[in-house]
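Asks: Would you mind keeping the following structure in view while I ask a few things?
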Amino acid sequence: MVEIYDITYPVIRSYATYYFTTKYGMEYEVRFGRKEDDILRVSIVFGVINDEFDGEEYVVTNKGDVYSVMNTIVKIIEHYMEGHPAVYMYEFMGEPKAHEDDNKPTQRLKLYYRYAKRIWDEKKWKIVMKGNKVTIIRRDRLDSRLPKDVDI
């Protein structure tokens, strides 16, 4: 069974920043950012916050624990969703490596897409990978109420 790391949950559930540390000492931060003009639309951002990476969150640590990291992030997302049932849209971006095209799905984004299908029930949510972004929208919102900048 894949390990899930211990999670530091926000003290107040409405706060949107979670932390965990891997067995290799890599410290991760997972944030849920609400759009300023639409608080029920959320961007999910996560990455390594160790000082040794000089603030570069999107590093590849090559520690061999990607499945444990991703399963921990899944648990965090599920916890956030339980506390925020009105959210109708989530978004991930896949930060490209130096040799990857900014406008095409990166290897990292393809991994996120596979995990998104484990988190969100496709009967209730539409999961779309376009360009370098995965967008997850509640199916009951797939109508004219979608923001104009959403391209699915």
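Asks: Consider only pairs whose beta carbons are under 9 Å apart and that are at least six residues apart or on different chains; among these, list those whose first residue lies in the stretch 1-26 and is closer than 17 Å to residue 47 by Cβ and whose second residue is surrounded by fewer than 12 Cβ atoms within 10 Å (Cβ to Cβ) and of a type in the set (Gly, Ala, Ser).
Replies: 24/64
Asks: Could we say that residue 12 is surrounded by 15 or more Cβ atoms within 10 Å (Cβ to Cβ) and hydrophobic (A, V, I, L, M, F, W, C) here?
Replies: Answer is no for this residue.
Asks: For residue 61, only one of the following conditions fails: (1) at pLDDT below 90; (2) in the same structural domain as residue 141 (by TED's automatic domain parsing). What is its number?
Replies: Unmet condition: (2).
Asks: Also, I was wondering about something else. Filter the stretch 27-40 down to the residues that are within 21 Å of residue 69 (Cβ to Cβ), among the acidic types (Asp, Glu) and in contact (Cβ under 8 Å) with a residue 24 or more places away in the chain and list them by number.
Replies: Selection gives 29 alone.
Asks: Just wondering, is there one or more residues in the stretch 45-52 that are modelled with pLDDT of 90 or more and under 16 Å from residue 89 (Cβ atoms)?
Replies: Yes.
Asks: Quick check: anything in the stretch 107-116 surrounded by fewer than 18 Cβ atoms within 10 Å (Cβ to Cβ), of a type in the set (S, T, N, Q) and under 26 Å from residue 20 (Cα atoms)?
Replies: yes
Asks: Let me ask something else about it. So how many residues does the stretch 1-54 have that are part of a strand (DSSP E or B), hydrophobic (A, V, I, L, M, F, W, C) and either assigned by TED's automatic domain parsing to the domain that holds residue 108 or touching a His at 6+ places or on another chain (Cβ under 9 Å) (or both)? Break it down into steps so the answer makes sense when it comes.
Replies: Within the stretch 1-54, the first condition is being part of a strand (DSSP E or B), and the residues that meet it are 7-8, 17-21, 27-35, 38-48.
From what's left, hydrophobic (A, V, I, L, M, F, W, C): 7, 20, 30, 32, 39-40, 42, 44-46, 48.
Still in the running and either assigned by TED's automatic domain parsing to the domain that holds residue 108 or touching a His at 6+ places or on another chain (Cβ under 9 Å) (or both): 7, 32, 40, 42.
Of the residues in that region, 4 qualify.
Asks: On the given criteria, is residue 70 surrounded by 14 or more Cβ atoms within 10 Å (Cβ to Cβ), within 14 Å of the chain's Cα centre (by Cα) and at pLDDT 90 or above?
Replies: For residue 70, the condition - surrounded by 14 or more Cβ atoms within 10 Å (Cβ to Cβ), within 14 Å of the chain's Cα centre (by Cα) and at pLDDT 90 or above - is met.
The values are calculated or read from the model by the stated rules, or taken from the named source; none is laboratory data. Keep in mind that what you see is a predicted model, and the values were worked out from it rather than measured. Please note: Cβ atoms are built from the backbone with ideal geometry, for glycine as well, and neighbour counts cover all protein chains shown.
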